[in-house]
Protein chains: 4
Amino acid sequence: MPGNSFGQSFKITTWGESHGPALGVVIDGCPPRIPLNESYIQDALDKRRPGKGGVAETTRKEPDKVHILSGVFEGFTTGTPISLIIYNKDAKSSAYDSLKDVFRPGHGDLTYYEKYGIRDHRGGGRASGRETAARVAAGAVAQAILDKFGIEVISYTVALGGVVAQKRELSFIDQNYFFAPDPDVVDKMEQRVKEVRSSGDSIGGVVETIAKGVPAGLGEPVFDKLDAELAKAIMSIGAVKAVEIGAGVKASSMLGSEHNDEITPDGFLSNNAGGILAGISNGDDIVVRAHVKPIASISKEQKTIDIEGRATTITVGGRHDASAIPRIVPVCQAMVRLVIVDHLLRQFGQVIDWRLRDRG
Amino acid sequence: MPGNSFGQSFKITTWGESHGPALGVVIDGCPPRIPLNESYIQDALDKRRPGKGGVAETTRKEPDKVHILSGVFEGFTTGTPISLIIYNKDAKSSAYDSLKDVFRPGHGDLTYYEKYGIRDHRGGGRASGRETAARVAAGAVAQAILDKFGIEVISYTVALGGVVAQKRELSFIDQNYFFAPDPDVVDKMEQRVKEVRSSGDSIGGVVETIAKGVPAGLGEPVFDKLDAELAKAIMSIGAVKAVEIGAGVKASSMLGSEHNDEITPDGFLSNNAGGILAGISNGDDIVVRAHVKPIASISKEQKTIDIEGRATTITVGGRHDASAIPRIVPVCQAMVRLVIVDHLLRQFGQVIDWRLRDRG
Amino acid sequence: MPGNSFGQSFKITTWGESHGPALGVVIDGCPPRIPLNESYIQDALDKRRPGKGGVAETTRKEPDKVHILSGVFEGFTTGTPISLIIYNKDAKSSAYDSLKDVFRPGHGDLTYYEKYGIRDHRGGGRASGRETAARVAAGAVAQAILDKFGIEVISYTVALGGVVAQKRELSFIDQNYFFAPDPDVVDKMEQRVKEVRSSGDSIGGVVETIAKGVPAGLGEPVFDKLDAELAKAIMSIGAVKAVEIGAGVKASSMLGSEHNDEITPDGFLSNNAGGILAGISNGDDIVVRAHVKPIASISKEQKTIDIEGRATTITVGGRHDASAIPRIVPVCQAMVRLVIVDHLLRQFGQVIDWRLRDRG
Amino acid sequence: MPGNSFGQSFKITTWGESHGPALGVVIDGCPPRIPLNESYIQDALDKRRPGKGGVAETTRKEPDKVHILSGVFEGFTTGTPISLIIYNKDAKSSAYDSLKDVFRPGHGDLTYYEKYGIRDHRGGGRASGRETAARVAAGAVAQAILDKFGIEVISYTVALGGVVAQKRELSFIDQNYFFAPDPDVVDKMEQRVKEVRSSGDSIGGVVETIAKGVPAGLGEPVFDKLDAELAKAIMSIGAVKAVEIGAGVKASSMLGSEHNDEITPDGFLSNNAGGILAGISNGDDIVVRAHVKPIASISKEQKTIDIEGRATTITVGGRHDASAIPRIVPVCQAMVRLVIVDHLLRQFGQVIDWRLRDRG
């Protein structure tokens, strides 16, 4: 009943605080004989590294160097737990001393204290976005399995601070700092970030994820539906406030005759379902959107209370990000990877490996 | 790894097909000495009964009479599993014979067949909305526990086929067929339903749920966050395509200074968080919205394929609902009840009962 | 965290008290397209019916007629939950009125009251051996799957009240009331039962279970080892006080050179391991033994306390069994069936069914 | 469905191979504000260190220095996951090169290969007894919680290679290398070990564990009974072949009038139940016994097969232990600690901590 694990067949357990000595993840249930090494995982981690663009991000540098401590032998997974660790290099918690007795609005400071009755004030502790590094590392291991099935998972920014992408040029995503799929909006996004940042404020955005090549038949009715699991996975990311599948919010104002995806021998004529019918994948692209709130750390003065419940104000100093979006893109990708692999293994069991053996 | 259970401490397992002899739910983990009887559960079921309004619903009558088969002794729960059963009275599956070899667009017919390799064509089988009767019954048992804590969960329709409620008059909800909280929209909603219905089409809508009195501290970081679990719970309802918490979709275009809920000794000054910070309840009202797609069964002709993969067309006859909304309102309520009780018990264990004993 | 479910991939949840209206089980995770009907399950239940022999059993007659309420369509499983119900016909709880305020030694009366703070005194309530009928029914469904793999699970009595079987004539098991595999001990067992019964006392015994045809590779290190899961499964049966695998207790006084099972291209030269090495099946017969305590209900006077904690004495009247052994034999068989099927599905997933399809 | 986690409310996940860079455990669910530091855990680990006595153990030195990587802040647990790591210092896997293509009898070599299709031949890999270091470390954290409840868990050797302890002098346990509770058998045990060792053979034994101060009411009927969970926990230790609760094996040949523990206002008159009735603790001492097979690595020649299935022989060289018993004693203790804490938290939830707060 504690909540630091995700998945049933491909089960990950993450641990570590933002300012402790290290953070990591244990992956239990990875099939054997999947090729895996540190650089494959490192590539995924590098994608989320802050400070890349210099525009929207803090100057804090996190090398996020991953180490494999178990579960891999001579370049292949063995079927035993894979333990990944990332040491925290730049963990000056003294910067947070002024926050020791006061709760930041929009953060988990207050609720963690309400729940646990103890205050680890160092940079958000376990509630820090830094926790997601472990998710991204685990997601890379998941992708190593998806590679065998030809499944691809792509995440990108479709809105940032009200600037909305109109195109879906997936090849352009990795060519811009915002992971936007539309060359026409990058300048506007950068402009918006600068504006907001200079006013000491912050913005949110929308991240879309698409999974291609997922076979029909994944998902477990009636509660562990594929869309239900995706919703949980995405909503478990710190700043997400809404999750959409396929047509999403728009579905509620459509007619049945508009929304239903007609079926032909060559496939569906539309994809309002987002690749999922009655909680089970239908073979079409899976489409999930995450609506992300603005970063809670702003340098404008806000009302709050201290640990004794007395009224006070707070101005969160430091050079914080104006938007979490570029960092959340790889996290959305990781969570969708984890959900799909988990359901692949729920469906196929460890024989997944035997099937690969049979194939070649 | 099968998916017919929900919850960890208050665990429910539902079973039954729409046209089998019965359906039901087993509740494992209900604390002992909670007052419970059949009429308390029946009241919740009656709320979802179709045919009440005569406007939007099918003429099929389901008495949905619930029976308690175990776990209750002399009017109180005993701590052992509570088995609830509802017999299907009106289960003429012959009406579905024409669907035997063809997949209805927008339904789970195709994906269930892809997953299980077997076709139970009788009215949607397990994927039928009828399955939710078991959820509502279980939700009533959950409420019997919430009653002890003074927690109230209210669901209502905030949009139907594009007609949007502007007010939140909670006292009005039970006074209209649509469970709308705004007296000014009821006529428009009825008009919209009639229109759509007469054209053989269908509409969706938006259901909002509010939970009052939830203590701060519920929710298990980092994956089993309260909002993540709510998202899963709500998305597991058949027709839901998007879930919002608090400000939801709007959060993605707000500024940090707008979105952050400032804190005072008397509570939060706003509730964009929807009562949840960093996945843990903050003591404020919990607010969840479900976006529901239009009903998939429409009498307009649609393209589809048969069980051999050949192109064909389908017109789903019968007197179907134009909208699932009035039926989904109590289901959203039930799912939120289940999530909150589950997290109460994760937090407090079975001693929850001992505390009650101590109170007198 | 409640405890009425067993298994992960083939998950059963049992419910029902001995003197309630019914008891049953919901099976979630049964693969689709397994042939199944009520008479197949009924056969397993009939084996545990009391009163067959007239020697050791109570005169209470339980028809234990099973009904399938869901999950089976036209003679085959569909992949959806299978709900089985058995109505209690002969449930005169008034016979237990005298026990209302007193705790029977050796029973769960006291501990259930300590745990739940409520007393359901009707014949043991949920702690009654009657609960195992649901296990046996679920075990039969498990066997329907094992049939496809050519796996056979056989249970028999190897000791009763100190009378020990020397032979393992498996064909003889069903030819005697005690399910003993040794024709030479049946008369002695019957004699022993009569003796003990006439003195108002009771006896225990030992049940051995052998599983033939289990493929190598089942079991999940390091905690969900196949032997660990079998130990839990068997120890969860009410009266069991010890569980042995293979050489079992004897292993602790053997030499390594005696105990190790040498390996040849044709298989192992001995089976001290009981078919399991490092928690994983090795392809040899799996061998498990359960040591069962004497039935706690005896007509001799015993010291006890009442619900107020005051000293008193009790004489449990009625015509109770002298030994639970003949009833526990099918329960051991059921539990081993459940463990093996669960691990088959953990290993192979739901594709287990697709493999069958491929085979023809 | 992978198997490297144990517990539901106090959930541990262990990882690491005997000859990898490190091994460890992640503990999820530890209540907040429990005093904890590395030296407390180190004490428990030191108890299992080999080479202490010089009699029965290998000369391999494992410092087993534990590091806390998360979940503890300023000397107290925070409620977040506790990650413990032990680096492997002495991991010369080259010593195992000769075993690369051959399966050792009595070990998991063959079954791991059957299951995973890959061979990590370095010293048993994940199946090595070294894995239990993580269990002992986690058990120490569990004990930090049990300390708050005044619960004590003591393990000791009651038989070694046929030499059986007659006394239970618990104060003597830590005064002898074998953890025997009987001063009169230590010399005989030592003699037995020397004998067996010089002949290149090995022996097993019996470890008994007693838990004092466990409150009545723990255990979750009907499958997660306290004795069922203990049986799984103990049987999951590598070399264990049988588990007994209370009277255990003897129960099967006792009369009901002998076995039943009579109840008085001052407690039970005997403890054949081993502190558990109907799967729920009764407040008396919990008593569990583990029967341990002889160590499988012996220097006598044995028949086996190689990775191609061809007949061969093997002589396992090196200076192996003659008995695993002294090492298994702290592991049994750890597993019983884990089961009890898990059930305490299942019963009391995280409020366990609030209760402590209330107390002082």
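The values are calculated or read from the model by the stated rules, or taken from the named source; none is laboratory data. It should be emphasised that the depicted structure is a prediction, and the values quoted were computed from it without experimental measurement. Cβ coordinates were reconstructed from backbone atoms using ideal geometry, including for glycine residues, and neighbour counts include every protein chain displayed. Keep in mind that these areas ignore ligands, DNA and RNA; they rest on the heavy atoms of the full protein, side chains included. Shrake-Rupley method; radii C 1.70, N 1.55, O 1.52, S 1.80 Å.
What to note about this one:
- Residue match in the stretch B:142-150 (condition: of a type outside the set (D, E, K, R) and touching a Cys at 6+ places or on another chain (Cβ under 6 Å)): no
- Within the stretch C:74-84, being surrounded by 20 or more Cβ atoms within 10 Å (Cβ to Cβ) and within 7 Å of chain B (Cβ to nearest Cβ) holds for C:Thr78, C:Gly79, C:Thr80, C:Pro81, C:Ser83.
- Selection count where residues are at pLDDT 95 or above and either under 11 Å from C:Ala290 (Cα atoms) or among the charged types (D, E, K, R) (or both), scope the stretch C:196-237: 21
- Hey, B:Ala242 facing another protein chain (nearest Cβ under 8 Å), at pLDDT 95 or above and farther than 23 Å from A:Asp201 by Cα or not: yes
- Among the residues of the stretch B:2-45, those identified as in contact (Cβ under 8 Å) with a residue 60 or more places away in the chain and among the acidic types (Asp, Glu) are B:Glu17, B:Asp43.
- Matching residues in the stretch C:193-218 - criterion: being hydrophobic (A, V, I, L, M, F, W, C) and within 16 Å of C:Ile237 (Cβ to Cβ): C:Val206, C:Val207
- If the condition is being under 19 Å from A:Ile27 (Cβ atoms) and more than 10 Å from chain C (Cβ to nearest Cβ), then the stretch D:1-28 contributes D:Lys11, D:Gly16, D:Glu17, D:Gly20, D:Pro21, D:Ala22, D:Leu23, D:Gly24, D:Val25, D:Val26, D:Ile27, D:Asp28.
- Being open to solvent by 10 Å² or more (accessible area, probe 1.4 Å), of a type in the set (Lys, Arg) and either free of Cβ contacts under 8 Å to residues at least 12 places away in the same chain or farther than 24 Å from A:Met1 by Cβ (or both) is a property that does not hold for B:Lys225.
- Residue satisfying all of: in the stretch D:262-283; under 24 Å from C:Ser202 (Cα atoms) and surrounded by fewer than 24 Cβ atoms within 10 Å (Cβ to Cβ); nearest to the other protein chains (Cβ to nearest Cβ) among these: D:Glu262
- Residue check for A:Ala216: buried (at least 24 other Cβ atoms within 10 Å of the Cβ) and at the interface with chain B (Cβ under 9 Å from one of its Cβ atoms): no
- The residue that is modelled with the highest pLDDT, counting only those in the stretch A:83-111 that are of a type in the set (A, V, I, L, M, F, W, C) and assigned to a loop (DSSP other than H, G, I, E, B), is A:Phe103.
- Criterion violated by C:Val288 - all others in (1) more than 9 Å from chain D (Cβ to nearest Cβ); (2) more than 30 Å from C:Phe6 (Cβ to Cβ); (3) of a type in the set (A, V, I, L, M, F, W, C) satisfied: (2)
- Residue tally, condition open to solvent by less than 10 Å² (accessible area, probe 1.4 Å), of a type in the set (D, E, K, R) and under 17 Å from B:Leu230 (Cα atoms), over the stretch B:1-26: 0
- Top-ranked residue of the stretch C:235-261 - restricted to ones that are under 14 Å from D:Met235 (Cβ atoms) and among the β-branched types (Val, Ile, Thr), ranked as most open to solvent (accessible area, probe 1.4 Å): C:Val249
- Scope the stretch D:284-301; condition in contact with an Asp or Glu (Cβ under 9 Å, 6 or more places away or on another chain) and among the aliphatic types (A, V, I, L, M); matching residues: D:Ile286, D:Val287, D:Val288, D:Ala290, D:Ile295, D:Ile298
- Residue within the stretch B:246-254 that is out of contact with any Gly (no Cβ under 8 Å at 6 or more places or on another chain), without any contact (Cβ under 8 Å) to a residue 24 or more places away in the chain and at the interface with chain A (Cβ under 7 Å from one of its Cβ atoms) present: yes
- Hits in the stretch D:112-171 - residues which are within 14 Å of chain A (Cβ to nearest Cβ), in contact (Cβ under 8 Å) with a residue 40 or more places away in the chain, open to solvent by 20 Å² or more (accessible area, probe 1.4 Å) and part of a helix (DSSP H, G or I): D:Tyr113, D:Ala127
- Matching residues in the stretch B:298-308 - criterion: being at the interface with another protein chain (Cβ under 8 Å from one of its Cβ atoms) and either open to solvent by less than 30 Å² (accessible area, probe 1.4 Å) or within 24 Å of the chain's Cα centre (by Cα) (or both): B:Ile298, B:Gln302, B:Thr304, B:Ile305
- Qualifying residue in the stretch D:178-199 (condition: surrounded by fewer than 22 Cβ atoms within 10 Å (Cβ to Cβ) and closer than 29 Å to D:Ile85 by Cβ): no
- Scanning the stretch C:312-360 for residues that are surrounded by 24 or more Cβ atoms within 10 Å (Cβ to Cβ), modelled with pLDDT under 95, among the small types (Gly, Ala, Ser) and at negative phi yields C:Ala322, C:Ser323, C:Ala324.
- Qualifying residue in the stretch C:52-65 (condition: aliphatic (A, V, I, L, M), under 23 Å from B:Thr80 (Cβ atoms) and either modelled with pLDDT of 95 or more or in contact with a helix residue (DSSP H, G or I) (Cβ under 8 Å, 6 or more places away or on another chain) (or both)): no
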